[in-house]
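Remarks on the structure that follows.
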């Protein structure tokens, strides 16, 4: 595992004292460098030392159903989410969620109103926003608690007594975030790097711009890379014995003219057998790694071997080498993920594992 | 042939020429016909025409998925649409294809999105499409898209009479929840006095009771009231802001681009007719990250308990002058989005002064995000499209950095990543100046971060890039040295930094970095000069760099002397351009001054730095070469850098080869020698340059040369 080495002594986080230039200090502090400033800005991001972990814990089935509000959990599993990455939120407080709900409602109403001829008199705002904490959706102490945002509204032509229905939902989360990175941030930042949204694009962009103005953060699209998708293939297949994946479906695109799209579906049992055959000997693994528990770690080499197996099987049948193309979409009964950053997690037990991977992807996108 | 005959057909009235004329006109007629035929044939083979034909002829129910022919044709139409726009006929064909749902609903949206007219939109096509709206099973979102399209191109529709004829038909769509706002806008544009009818007014009022006083309804009603005040008894609020919402249409930017490209013959307002100017339009664009946030005061206030205890704060927005800033220094509130500071020098001043960790971090998050999204994560190749904007953004960033006299860590981090994907030409001046701003890189990482990507770029790019990079590296070195001279002068020479300064660099570490940089440039310069045939422009930039290097000790107090490599020294010495030779002499002179002063310090204080013997040896060697070569006519003497076998030199048949690079025979100075010879012995018929070498004329000659402004030579070997 390649963690950015961070051996430089860190400035105490709270030392945000105003330091004046004084000549008796050589090379004074104003001289900011992203390398020298490793201590200030946390990482040595310039070295692009942050990479995807090359080895990760085999997905333990976390039984989060006991910890997490079932309503929230059902919502998280119902939708397909469009992912974004978010830079750390400045002055975000989990204790202020009520007031955030009010403010975001007002903001949306104001933005919707913009350019309209007259205010809709006396109408209570059409959109009702609620922020809530999803308790229990975290893996370590360092992770900030997941925040769920829901927007309800009445349809335009609805009658008086029709209930409001949910029109948009989204969440911000951090599962197993790199602790070095999290610790390096000053305390007035909350890092919730992964943002998922589901609903009309207009509302998504309103919510994003509200967050940008409130917490001085930035949102960027998060794609799920070829490698991450391969990881998901392996991680999900690895769960097959505990909960059936039912099918392993992959969509590949090959760069030919016109573009060729290949849907490759594998029988779950076959996939599992192939996966078992490429797994390293647990004994051999225990030599290198520490604490091997229920399946231990999965290495990137195993994932590569697994994908190689799948590809060569395909080649044998169709004389098409998939390694020339790229993986665009993966789906199993446990969930589905697409290259363009849409993801659906259908099984609560593996939610933590999947979100860990996605959190890692989001943190990789952090500019500093 | 025809052309020739035409020329020979003047308006002469003599009969022979008349015959000629008719013959010519006939043949020119024929040639016209041929040309026409040719044109038709070309048209028939034109893939775009074929593509249109495909869409007009394709059978209903043809599958979309896996249909390569369809895909290719559509891609072709899209390409033409986004580059030149579509002709009226093409618009008709494509609109008909899309709205008839001949190949299902899937291609419909895609086709609608590329309907960018070059000149006008035929009314006929729009009317047909409106009719399809009632016939087909078009998804509601696509219907909305279609109406938005009509609104966007409304001014380009060639006539409106037939559209007005189907007013009632269009009106029937107001009852649709989703279409209503857009239909109202369209109706607003089409309404004439005769279209205002009692039943329509009633319908609208009915809708209003159901929906509330929706602005789009009110607008349409107010127009009805203008035409027929007796029918609309409703009171319309007087302070109604004018305009429908501008439905951010996806065609606007493409339309503007196409019109710009076509020289915009059709003068049309690019904004929607009768809409409010859209503030948010730029926010909706794909590349919106380069926009600076607006400088606005804090929204996210602290909890009120904090506020009561704290003093009154002044938001930065309210400050306009430096005096105001200074007066309120102790109670300034930072803006909601730190990115907004980049545009304001006042704010930057404040920021530089307070050194607030979180504020800096916020600014850096935003800046890094913008740079990454624009230049690294842009998947859709938007680089060229937004280059104008990118340019302005980088210029703003650069001016901020110059103002603060230091680089932002996030731009530095960005550069390290960007260098490995940069093609060396995109925004070259900006990227190079950003690069020259980066602070000292530790020598352990400098190779991987800077040298490897730069080396690749250097060796694969043009001469101008090479020169640009040399200038950039020179500026970088200058900034490093200046920084050192400002912040480290008063310190003991080799101390580690105090623990509370965050930058972890010792003097020797700094020296290592500078040394690495200078050596790297030496390597680049040597190979670069070879690659470019010792181009004098490149040589000039390289000599600029060494003018900085030779003075590191005296000018910047850095105890370091690095000599140029032979790959730079010799090309400069043998350069056919006297200025380069003179600059080399000047550089050698400065080295001499620096070295002697270092040596004398060494004797005085124990703290002085130690210059390796190797450096002295190199320096002495170069001085011997340059003096022997230029002044003493002892080229190719044994022991000099350039050696050739005796027999080779004899074979070359160059008389007095040892003197061929002295100040008289050196290609750079020969013209001076000739000139001098003429002035000295004007009566002499045959020129003998060697006569200058006699001791008297030689000293005159040197005096003459030095008087021409060659101060470098003069300083290295002062005149007699």
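The values are calculated or read from the model by the stated rules, or taken from the named source; none is laboratory data. None of these values were measured; they are calculated from a predicted model. All Cβ positions, glycine included, derive from the backbone under ideal geometry; neighbour counts span all protein chains shown.
Residues are listed down the side, and each one gets a yes or a no for (1) at pLDDT 80 or above; (2) more than 9 Å from every other protein chain (Cβ to nearest Cβ):
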{"residue": "B:315", "(1), (2)": "no, yes"}
{"residue": "B:318", "(1), (2)": "no, yes"}
{"residue": "B:336", "(1), (2)": "yes, no"}
{"residue": "B:357", "(1), (2)": "yes, no"}
{"residue": "B:367", "(1), (2)": "yes, no"}
{"residue": "B:391", "(1), (2)": "yes, yes"}
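Quick test for you: out of B:49, B:64, pick the one residue that is outside any helix (DSSP H, G or I), at pLDDT below 90 and surrounded by 13 or more Cβ atoms within 10 Å (Cβ to Cβ).
Working: B:49 fails: outside any helix (DSSP H, G or I).
Among B:49, B:64, only B:64 is outside any helix (DSSP H, G or I), at pLDDT below 90 and surrounded by 13 or more Cβ atoms within 10 Å (Cβ to Cβ).
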Checklist outcome for this item: The strands (runs of 3 or more DSSP E) lying entirely within the stretch A:184-265 that contain at least 3 residues which are over 19 Å from residue A:306 (Cβ atoms) are A:194-198, A:219-221
Next on the checklist: For the stretch B:414-449, give me each residue that is touching a residue at least 60 places away in the same chain (Cβ under 8 Å) and either more than 8 Å from chain A (Cβ to nearest Cβ) or in contact with a strand residue (DSSP E or B) (Cβ under 8 Å, 6 or more places away or on another chain) (or both).
Outcome noted: B:443, B:446, B:447
Checklist entry - Quick check: anything in the stretch B:262-272 within 14 Å of another protein chain (Cβ to nearest Cβ) and at pLDDT 70 or above? => result no
Item to check | Any hit, the stretch B:341-352, residues being farther than 19 Å from residue B:293 by Cα, within 9 Å of another protein chain (Cβ to nearest Cβ) and either in contact with a strand residue (DSSP E or B) (Cβ under 6 Å, 6 or more places away or on another chain) or not in a strand (DSSP E or B) (or both) | outcome: yes
Checklist outcome for this item: When every residue in the stretch A:74-101 that is without any contact (Cβ under 8 Å) to a residue 24 or more places away in the chain and farther than 20 Å from residue A:187 by Cα is compared, the one farthest from the chain's Cα centre (by Cα) is A:99
Next on the checklist: When you check residue B:242 against the structure, is it assigned to a helix (DSSP H, G or I), at pLDDT below 55, surrounded by fewer than 17 Cβ atoms within 10 Å (Cβ to Cβ) and within 14 Å of another protein chain (Cβ to nearest Cβ), yes or no?
Outcome noted: no
Next on the checklist: The conditions are (1) under 21 Å from residue B:612 (Cα atoms); (2) assigned to a helix (DSSP H, G or I), and residue B:524 fails exactly one of them. Which is it?
Outcome noted: (1)
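If you take just the helices (runs of 4 or more DSSP H) that sit entirely in the stretch B:539-626, which of them hold at least 3 residues that are over 20 Å from residue B:667 (Cβ atoms)?
Numbers: elements: B:552-556, B:566-573, B:578-604.
So the answer is B:552-556, B:578-604.
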Next on the checklist: Considering only residues that are more than 28 Å from the chain's Cα centre (by Cα) and not in a strand (DSSP E or B), which ones fall in the stretch B:324-340?
Outcome noted: B:324, B:325, B:326, B:327, B:328, B:329, B:330, B:331, B:334, B:335, B:336
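Has the stretch A:255-266 got any residue that is touching a strand residue (DSSP E or B) at 6+ places or on another chain (Cβ under 7 Å) and modelled with pLDDT under 90?
yes
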Next on the checklist: Given the criteria away from chain B (no Cβ under 14 Å), farther than 30 Å from residue A:72 by Cβ, surrounded by 15 or more Cβ atoms within 10 Å (Cβ to Cβ) and in contact with a strand residue (DSSP E or B) (Cβ under 9 Å, 6 or more places away or on another chain), does residue A:271 qualify?
Outcome noted: yes
Checklist outcome for this item: The residue that is farthest from the chain's Cα centre (by Cα), considering only those in the stretch B:399-413 that are in a helix (DSSP H, G or I) and at the interface with another protein chain (Cβ under 7 Å from one of its Cβ atoms), is B:409
Checklist outcome for this item: Of the residues in the stretch B:83-100, those that are outside any helix (DSSP H, G or I) and surrounded by fewer than 20 Cβ atoms within 10 Å (Cβ to Cβ) come to B:84, B:87, B:100
